[in-house]
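The block underneath contains the structure these notes are about, expressed in structure tokens.
The values are calculated or read from the model by the stated rules, or taken from the named source; none is laboratory data. Predicted model only: the values in this text are computed from it and were never measured. Positions of Cβ are generated from backbone atoms using ideal geometry, with glycine treated the same way; all protein chains shown enter the neighbour counts.
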Amino acid sequence: MTARRWRLAHGRHLELGGKAVVVGILNVTPDSFSDGGLFDAPRTALAQARRMIGEGAAVVDVGGESTRPGAAAISASEEQARILPVIEALARAGDVLISVDTYRAETARLAVKAGAHIVNDVWGVQREPDIARVAAETGAGLIIMHTGRERQKLPDVISDQVVFLEKSLEIARRHGVADDQIVLDPGFGFAKETAEENLDLMARFRELSALGFPLMAGTSRKRFIGTVTGRDPADRGAGTAATSVILRLEGADLFRVHDVAINVDALAVADAMLARQTVGSER
């Protein structure tokens with residue numbers, strides 16, 4: 001894996017490449033698809049964040065609006081009321097890196113001011129392009145995710161990724177975001193309509209490295225894992241860990257997951273094997 005330094009807000013950074021980085025999902029929502037309502041109070045949200053950090057999460061990704069298909073939209077003020085107290089408390093409590101899961105520029109600005117280091121945009125800076133300006137002005141890390149929602153996709157899964165993400169990268173650069181702030185996410189489950197489409201994206205994941213940026217995988221508890229395993233969302237931890245290992249071997253750097261411990265262990269084995277392959281190639 002290529003070693004790279006990901007530049008973040010508040011003078012922080014994260015070394016990528018040498019070891020897989022686990023990002024713990026903290027949905028401060030009543031209606032997320034697999035954990036809605038579990039952590040929508042500040043007390044339970046902070047307890048969950050501490051648990052994930054203890055299990056090995058390097059980043060906690062805080063979201064206040066469900067992105068599942070058919071979820072009810074909420075206002076920016078409601079989103080901010082849900083997440084900002086949690087981000088402020090996490091920033092006070094310790095050294096963990098904090099990501100904010102939002103597509104709204106103003107929410108991102110307030111979240112970074114409250115202590116977030118990373119902005120994670122599921123609309124790839126194309127819904128509110130000013131979110132890229134927030135990242136540029138604050139120095140925040142920027143996760144640009146691919147989505148197929150509300151547009152006509154190309155039939156080839158990788159061609160569609162490239163067309164969408166290159167447009168997102170042009171927006172980000174035009175607003176002043178430096179390349180060393182950017183991570184790309186292919187957006188598993190976001191208008192990838194079938195299990196086969198998601199599996200094809202996994203099988204061809206290495207092709208995305210041609211874009212030249214670190215890659216994050218967000219397969220956690222997604223429907224296609226349920227299709228393959230027959231498991232309900234809360235029981236897809238093992239299936240998720242299997243996808244994490246596969247994608248690590250195919251070049252992913254970060255893994256956004258609900259079930260931290262099982263993914264940390266699975267990825268440790270994958271990293272150990274990759275290290276032995278490196279040793280073998282140097283003999």
Inset, instruction - Kindly provide the set of residues from segment 242-270 that are surrounded by 17 or more Cβ atoms within 10 Å (Cβ to Cβ), charged (D, E, K, R) and in a helix (DSSP H, G or I), ordered by number. - result: Arg248
Inset, instruction - Have a look at Leu208, Leu247 and point out the one that is of a type in the set (A, V, I, L, M, F, W, C) and touching a Pro at 6+ places or on another chain (Cβ under 7 Å). - result: Leu208
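Quick check on segment 213-222. Is at least one of its residues modelled with pLDDT under 95 and of a type in the set (Lys, Arg)? Please lay out each step first, then the result.
Within segment 213-222, the first condition is being modelled with pLDDT under 95, and the residues that meet it are none.
No, every residue in segment 213-222 fails to be modelled with pLDDT under 95 and of a type in the set (Lys, Arg).
For segment 167-189, what are the residues that are surrounded by fewer than 21 Cβ atoms within 10 Å (Cβ to Cβ) and part of a loop (DSSP other than H, G, I, E, B)?
Within segment 167-189, the subset surrounded by fewer than 21 Cβ atoms within 10 Å (Cβ to Cβ) is 167, 170-171, 173-176, 178-180.
Scanning segment 167-189 gives His175, Gly176, Ala178.
Where residues in segment 80-126 are polar (S, T, N, Q) and in a loop (DSSP other than H, G, I, E, B), which of them is surrounded by the most Cβ atoms within 10 Å (Cβ to Cβ)?
Residues of segment 80-126 that are polar (S, T, N, Q), as a first pass: 80, 99, 102, 107, 120, 126.
Checking which are in a loop (DSSP other than H, G, I, E, B) leaves us with 102, 126.
Values: Thr102: 29, Gln126: 18.
In this case the residue turns out to be Thr102.
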Inset, instruction - Look at segment 5-31 and say how many of its residues are more than 21 Å from Ala114 (Cα to Cα) and either at pLDDT 95 or above or small (Gly, Ala, Ser) (or both). - result: 9
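I'm trying to understand the selection: among the residues of segment 212-226, which are out of contact with any Lys or Arg (no Cβ under 8 Å at 6 or more places or on another chain) and either among the polar types (S, T, N, Q) or closer than 13 Å to Met145 by Cα (or both)?
Answer for segment 212-226, where residues must be out of contact with any Lys or Arg (no Cβ under 8 Å at 6 or more places or on another chain) and either among the polar types (S, T, N, Q) or closer than 13 Å to Met145 by Cα (or both): Phe213, Leu215, Thr219.
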Legend entry - Scope segment 190-205; condition polar (S, T, N, Q) and in a helix (DSSP H, G or I); matching residues: Asn198
Inset, instruction - Working only within segment 73-90, note down all residues that are charged (D, E, K, R), closer than 13 Å to Val28 by Cα and in contact (Cβ under 8 Å) with a residue 24 or more places away in the chain. - result: Glu79, Arg82
Legend entry - Residues of segment 190-236 classified as without any contact (Cβ under 8 Å) to a residue 40 or more places away in the chain and either polar (S, T, N, Q) or in contact with a Cys (Cβ under 7 Å, 6 or more places away or on another chain) (or both), total: 5
Legend entry - Only listed residue being modelled with pLDDT of 90 or more, of a type in the set (Gly, Ala, Ser) and within 24 Å of Trp123 (Cα to Cα), chosen from Ser34, Ser99: Ser99
